[in-house]
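What follows is a single structure, written as structure tokens, with notes after it.
Read-outs throughout are calculated quantities, based only on the coordinates presented, and are distinct from any laboratory measurement. None of these values were measured; they are calculated from a predicted model. FYI the Cβ positions are ideal-geometry reconstructions off the backbone, even for glycines, and counts take in every protein chain you see.
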């Protein structure tokens, strides 16, 4: 369609929001595709009146902009259902508070709904440390207390070390392409998310629809389950 994509860092040395907007205007740039903000950040201090704007993921909460993201609730429910189909009985969730709040509690809402549908003896209290970096320090005591046979995590490093027995299935809610086949879990398909975001951005440019979005429209892409060696099924040895 004649457009090209150029990466322009807001956090470049000496850059300020005012200088950033001046740079875009000087280059004749009218469309902005906002990448996910750093963890813990929810606002972006830019004046959008003269720009068509679309965000990838849900991190930008203020000001309201049109966004494209994974359907985190659907993805977590699918992960729980897939674990049950593999024979797991006690399925635990691990999501940090900082990440859960960033996603509007959608993963944890699915966790609680999935647990509510299980017999009381099969329910596992989720591990919700304050920060993602606290998971490794808290996971062993949580495992000893709750005794899950499968663990669904927000993110699972295929090269990381998790102090759990090899019989415990491990599932990721955000699989990267390079982990497919090795790690079981949900593939969010970030490439397609980006493509859909660009489609909406081009549409806003075609409509001359600039500035923020009064409703903060959110378009959701369903995740897909991908089998992997880390979650082969109940009573199997898992590799990770």
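Odds and ends about this structure:
- In terms of surrounding Cβ atoms within a 10 Å radius of their Cβ, 234, 131, 145 rank from fewest to most as 145, 131, 234.
- Expressed to the nearest 5 percent, the antiparallel share of DSSP beta bridges inside the chain is 10 percent.
- Tensor-based shape of the range 69-157 (alpha-carbon gyration tensor, a/c under 1.5 rounded, otherwise prolate or oblate): oblate
- Shape box of the range 1-61 [Cα atoms, principal axes, largest first, Å]: 33, 30, 20
- Between residue 47 and residue 89, the FRET efficiency estimated from the beta carbon spacing at R0 = 51 angstrom works out to 0.40.
- Three-way shape call for the range 14-110 based on the alpha-carbon gyration tensor, with the a/c threshold at 1.5: prolate
- Using alpha-carbon coordinates, inclination of helix 135-146 to the longest axis of the chain, degrees: 40 degrees
- Order of 128, 62 under a 10 Å beta carbon neighbour criterion, fewest first: 62, 128
- In the chain, the longest principal axis of the Cα atoms and the axis of helix 106-116 are about 30 degrees apart.
- Degrees separating the helix 190-206 axis from the principal Cα axis of the chain, which is the longest one: 30 degrees
- Segments 132-141, 151-160 sorted - mean Cβ within 10 Å per residue, highest first: 151-160, 132-141
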